[in-house]
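The values are calculated or read from the model by the stated rules, or taken from the named source; none is laboratory data. Source: prediction; values computed, not measured. All Cβ positions, glycine included, derive from the backbone under ideal geometry; neighbour counts span all protein chains shown.
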Amino acid sequence: MMMHSGTKLLRYVQLLDSALPIGGFSHSFGLEAYTHDGRIQTTAQLEHFIRGQLHSSLVRLDGLAIKGVYQAIEQQNAALLALYDKRVHAQRTPRELRESGHKMGKRLLKLARSLYPWMDFVLIDEAVQEHGAFCGITTIHGYINYQLEIELDEAVTGHLYTSVNAYVNSALRLLPIGQTEAQMLIQKLLNDIDSEWSQIRDDDPEDMHSFGIAQEIYAMRHESLPARLFMS
């Protein structure tokens, strides 16, 4: 389906909306454990944490995974698509993060079938049915963006933006910060999104990796907190 450039932009903006009903509002992605222990109490500490996540995990794992998804679709290779999807799933060490990525991805795929009835889902269905893909949120985001004719760079940076936005929205419920302060933080981090992706955009997707060890440990501890506001 050929889309008018304006329509394509609007479809993409809708996909990045934090209000998309895929369950993201229920997850802090480990941030709640940090705030519970008092490790993150200020906007400056939150900014440092998110920058660390962009550098150690989000860009190098999710960003390269989306690049791999694009390559798999271009080759019409369902096995390769499933491989990248499973590698992202396996590298999310904390159980809650694996489950949240899987659930959100399945919800996004279901939503996409309703929003885009013209979209071709044959390859992703084959990846699931014949090659055991998990349909993680990163994979499905990349798959939909490719179908929407979004360029790779925009697809990756858009996904990274939604991740940053999710952290900040979680912080609004966990920390004494206001909406204006939150938006100013997101604005500051936009340059980090672009610069971090620019550093590794030419890397092979086979090199996807994550080394956010502290975040993984805190995410593992989340399920044992005495009281929890979020599911992860």
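Odds and ends about this structure:
- Tally of residues being over 23 Å from R92 (Cα atoms) and in a helix (DSSP H, G or I) across region 16-36: 0
- Condition met for L97 (surrounded by fewer than 23 Cβ atoms within 10 Å (Cβ to Cβ), in contact (Cβ under 8 Å) with a residue 60 or more places away in the chain and within 12 Å of the chain's Cα centre (by Cα)): yes
- Some residue of region 168-180 being more than 19 Å from T138 (Cβ to Cβ), over 14 Å from the mean Cα position of the chain (by Cα) and among the hydroxyl-bearing types (S, T, Y): yes
- Residue identified as without any contact (Cβ under 8 Å) to a residue 60 or more places away in the chain, buried (at least 16 other Cβ atoms within 10 Å of the Cβ) and not small (G, A, S) among L109, L46: L109
- In this entry, S57 passes the filter for residues that are out of contact with any helix residue (DSSP H, G or I) (no Cβ under 6 Å at 6 or more places or on another chain), crowded, with 19+ Cβ neighbours inside 10 Å and within 18 Å of H209 (Cβ to Cβ).
- Test: residue in region 218-228 that is part of a helix (DSSP H, G or I), aliphatic (A, V, I, L, M) and either in contact with a Lys or Arg (Cβ under 7 Å, 6 or more places away or on another chain) or at pLDDT 95 or above (or both): no
- Positions within region 70-95 being more than 10 Å from G136 (Cβ to Cβ) and either among the aromatic types (F, W, Y) or touching an Asp or Glu at 6+ places or on another chain (Cβ under 6 Å) (or both), in sequence order: Y70, A78, T93, P94
- Taking every residue in region 219-232 that is within 15 Å of S26 (Cβ to Cβ) and pairing it with any residue that is part of a loop (DSSP other than H, G, I, E, B) and aromatic (F, W, Y), at least 6 positions away or on another chain, the pairs with Cβ-Cβ distances below 8 Å are A219/F29; H222/F230; S232/F29.
- Some residue of region 185-196 being out of contact with any His (no Cβ under 9 Å at 6 or more places or on another chain), farther than 29 Å from L152 by Cα and in a helix (DSSP H, G or I): no
- Some residue of region 3-15 being outside any helix (DSSP H, G or I) and either surrounded by fewer than 18 Cβ atoms within 10 Å (Cβ to Cβ) or not charged (D, E, K, R) (or both): yes
- L190 vs. criteria under 15 Å from Q53 (Cα atoms) and surrounded by fewer than 16 Cβ atoms within 10 Å (Cβ to Cβ): yes
- Residue match in region 177-191 (condition: closer than 21 Å to A65 by Cβ and touching a residue at least 60 places away in the same chain (Cβ under 8 Å)): yes
- In a residue-by-residue description of region 80-88, the property of being surrounded by fewer than 21 Cβ atoms within 10 Å (Cβ to Cβ) and either free of Cβ contacts under 8 Å to residues at least 24 places away in the same chain or not in a helix (DSSP H, G or I) (or both) applies to at least one position.
- Yes/no for H89 being of a type outside the set (K, R), under 19 Å from M220 (Cα atoms) and in contact with a Lys or Arg (Cβ under 7 Å, 6 or more places away or on another chain): yes
- Cβ pairs under 7 Å, 6+ apart, first in region 1-19 and within 21 Å of F121 (Cβ to Cβ), second at pLDDT 80 or above and loosely packed, with under 10 Cβ neighbours inside 10 Å: M1/W118
- Residue in region 142-152 that is of a type outside the set (A, V, I, L, M), within 19 Å of S210 (Cα to Cα) and under 11 Å from the mean Cα position of the chain (by Cα) present: yes
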